[in-house]
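Working notes, beginning with the structure itself.
Values quoted throughout were computed directly from the atomic coordinates according to the rules given, and no laboratory measurement underlies them. Just so we're clear, the structure is a prediction, and the values are computed from it rather than from any experiment. Positions of Cβ are backbone-derived with ideal geometry, glycine not excepted, and every protein chain shown enters the neighbour counts.
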Amino acid sequence: MTYKKELRLSEAGKGDVLTVCGIRDPCRGIAGRLRDIGLTDGTHVVCVGHSPIGGMSAYEIRGAVIALRNEDADTVLCRRTSGAGS
Amino acid sequence: MSTDKNFTVALAGNPNVGKSTVFNALTGMHQHTGNWPGKTVAGALGTFTVPAGRVTLVDLPGTYSLASHSPEEEVARKYICGESAGGGRLPPDAVIVVCDACCLERNLILALQVMNTGVPTVVCVNLMDEAGSRGITVDTDKLASLLGVPTVPCAARQGVGLEGLKEVLSKVLSSPVLRETREIDPVSEASLIAASCSERPADAASRDRRLDRILTGKFTAFPIMALLLAVVFFITLKGAGPLSDGLSFVLSHVENFVRGALIAVGVPESVTSAVCDGALRVLFWVVSVMLPPMAIFFPTFTFLEDLGYLPRVAYNLDGCFKKCGACGKQALTMMMGFGCNAAGVTGCRIIDSPRERLVAILTNGFVPCNGRFPVMAALISVLCALSGVKSGIFPTAVMCAAVALGITLTFAVSLLLSETVLRGEPSSFTLELPPYRAPRVGEVIVRSVFDRTLFVLGRAAAVAAPAGLVIWALGRVKIDSVPILEYLTSALDPIGRLAGMDGVILTAFMLALPAAEITLPLMMLGYASGGVISPVRSLGVLPAIFSANGWTAKTAVCVLIFTLVHWPCSTTIITVRRETGSVRWTLAAALIPTFIGYALCVLVNLIF
């Protein structure tokens, strides 16, 4: 896989496939919670859509679909594995 | 084989993997189930027997991990590890970890964490049927050998695999294998194990994603939400009328029969009147007017719940809740409030942040529960008659407007609280959007009628008869030849008049504190003070009685608003006290809606 720039999970567009490469700000309460749902380094995440009035997006993580607020998805650093439509 | 041994077994698992379904199937109990994470907040207990002995099964709240990030996780962790507030409690004899075959990897994290505590574990891979229909395969034999604990495939909704589960559990209980607590990383282990025993086609969730595109789509989400709500109300209001007429016809004959029987055996007239005109009449009113809307609303709503639509509503509405400084999961507790506000208040435990939980608890009463919903339905039919509108779509529109007002107030008060006494930043949370499941129509109808409708009705009936007696007595017992009821109603009259109502209406609301369902019959008894209310032939008599007592369309609107927004029923108040542990917040939960409801009625009264 070629190296691609890091981005935040919240920046993912619908259909983007990403690989988690770190969680920032581990002192915020969300870090443990993200780990519980299986969002750890190396996990593949697919952004499956955005909430109709924004502020929240849904991600497929380890076979389950979980919605996160953008502020929380901001703390997850990812690399793009493939873009929409690929 | 001895059957006198007693065992304690805990049922653990991620949220929404069908734990309650497994629980019900094993114990033969009827816990309410629904397709959304966080359904079970209070641990239920049930018993069943296996060859090894008698098992007490504890249904733990759904958790993603045993790390304690929220109160429910704390409960689950403490229970499994055998810790308790007082200390000294033993861990359970075994833990059944229910896993969702559709997303095994995530579910195995918890299973491995439970195994790591050293407690004997049985893994139940549930929803095998659903996985099969999505083309997902799980090799449970391989899973068992990799995990090193017994693993049972199961489809609890269809009752498949439960005998196997009992058998395996019995073996584990009769010869528990003590395992050393292991130091492995559950997350990476889960990923490895899941990868080698489960196969998942790329399009496993394609149907769900297509549905999501419509139900949570940018342009379709809100129209569909409004439409679904309107359809549910339309079905309820349309269907309730004929059912109500039928019931009241039958019950008025029952009343006549009882009266005849009492007179025939020589019971004094005053006792006969107390029983028939007081207790029975209020009771039958409640049954015939309140039962039909409940019996239709509950199943239709449960249908949406079973489908998995409710978390999507939370997802759609999250932006609004965020702007109000509240948690997106408040949408879930709000919708639980449609069933019962006390249940909604208890359900607020799914919200982790104490501040946001309090906001959700204080605003839960703004959605009409199943006790107030039929009252509003009846009031809308009165409004139709008083304003001369021939029903059609009008009742549904009014009901939608009323519920929209309730939801608006939920947002407004949440915002107000977050900006004033409960100031704070919105906290983080995760909201799982579960797979859509085809609702089991028969099951939904049977369960919602028997478990919920009859329960709510039973509660109403239990207070209806005594309340009927009380108001009958207040109307008969006189001080200085004026009935006590009249002192009460005339004292409240000016307060009522200011808000477009009257003293009798307010008295009825007050006496209906234990159950809002009885508000209307109490009003009728109040108007008939000293006399008797007409027997219930049909809903059609309501407008005539009310208009004879000075009601106009405006009165009906004010009473409708006040029904939607006033103090919560006593059960809800007690629940708020229990959940918040504070008298101050309990008072706030009662006074905030009372004040707002009264102010709205005054406004309506002064403007129109």
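For segment B:417-533, the gyration tensor built on C-alpha atoms gives an oblate shape. Its axis ratio a/c (a ≥ b ≥ c) is at least 1.5, and a/b is not larger than b/c. In sequence order, segment B:151-163 has phi-based couplings of 10, 10, x, 7, 10, 4, 5, 9, x, 8, x, 6, 4 Hz under the Karplus curve 6.51 cos²θ - 1.76 cosθ + 1.60, θ = phi - 60°, and Gly or Pro positions carry x. With N the number of residues in the protein assembly as shown, Rg(Cα) / (2.2 N^0.38 Å) evaluates to 1.05. Centre-to-centre, using Cα atoms only, segment B:567-608 and segment B:471-520 are separated by 19 Å. With the biggest extent put first, the Cα atoms of segment B:321-443 measure 50, 41, 22 Å across the principal axes. Relative to the 2.2 N^0.38 Å rule of thumb, segment B:294-333 has a C-alpha radius of gyration ratio of 1.34.
What are the lysines whose alpha-carbon lies under 20 Å from the alpha-carbon of B:LYS171, with same-chain residues fewer than 8 places away excluded? Leaving aside lysines fewer than 8 places away in the same chain, those within reach of B:LYS171 are B:LYS5, B:LYS142. Remark on B:ALA12: its backbone amide H falls under 5 Å from those of B:ILE96, B:VAL97, B:VAL98, a criterion applied only to residues 5 or more positions apart or on other chains, H modelled at 1.01 Å from N. Scaled against 2.2 N^0.38 Å for its residue count N, the alpha carbon radius of gyration of chain B is 1.07.
Within the straight-line cut-off of under 29 Å between alpha carbons, the lysines reachable from B:LYS329 are A:LYS14, B:LYS19, B:LYS39, B:LYS78, B:LYS218, sequence neighbours fewer than 8 places apart in one chain being disregarded.
What aspartates and glutamates could a cross-link reach from B:LYS478, if we take a straight Cα to Cα line under 13 Å and drop same-chain neighbours fewer than 8 places away? The qualifying aspartates and glutamates are B:GLU486.
Exposed loop sites here are GluC sites (Glu not before Pro) assigned a DSSP state other than H, G, I, E or B and surrounded by at most 12 other beta carbons within 10 Å; excluding them, the longest clear run of chain B is B:184-608.
The string of couplings for segment B:425-432 from the Karplus curve (6.51, -1.76, 1.60, θ = phi - 60°) is 7, x, 9, 8, 7, 10, 10, 7 Hz, one whole number per residue in order, with x for Gly and Pro. What's log10 of I(q)/I(0) for segment B:542-608 at q = 0.21, 0.26, 0.27 Å⁻¹, Debye sum over Cα points only, no solvent? Treating every Cα as an identical point scatterer, log10 I(q)/I(0) equals -0.83, -1.02, -1.06. When the P(r) is computed for segment A:6-82, the part past 21 Å accounts for 13% of the Cα-Cα pairs.
The convex hull of the Cα atoms of segment B:489-603, projected and averaged over all directions, covers 7.6 nm². DSSP bridge analysis restricted to the protein assembly as shown gives an antiparallel fraction near 65%, rounded to the nearest 5. Over segment B:403-470, one equal point on each Cα, no solvent: what is log10 I(q)/I(0) by the Debye formula at q = 0.13, 0.20 Å⁻¹? Cα-only, vacuum Debye calculation for segment B:403-470: -0.87, -0.91.
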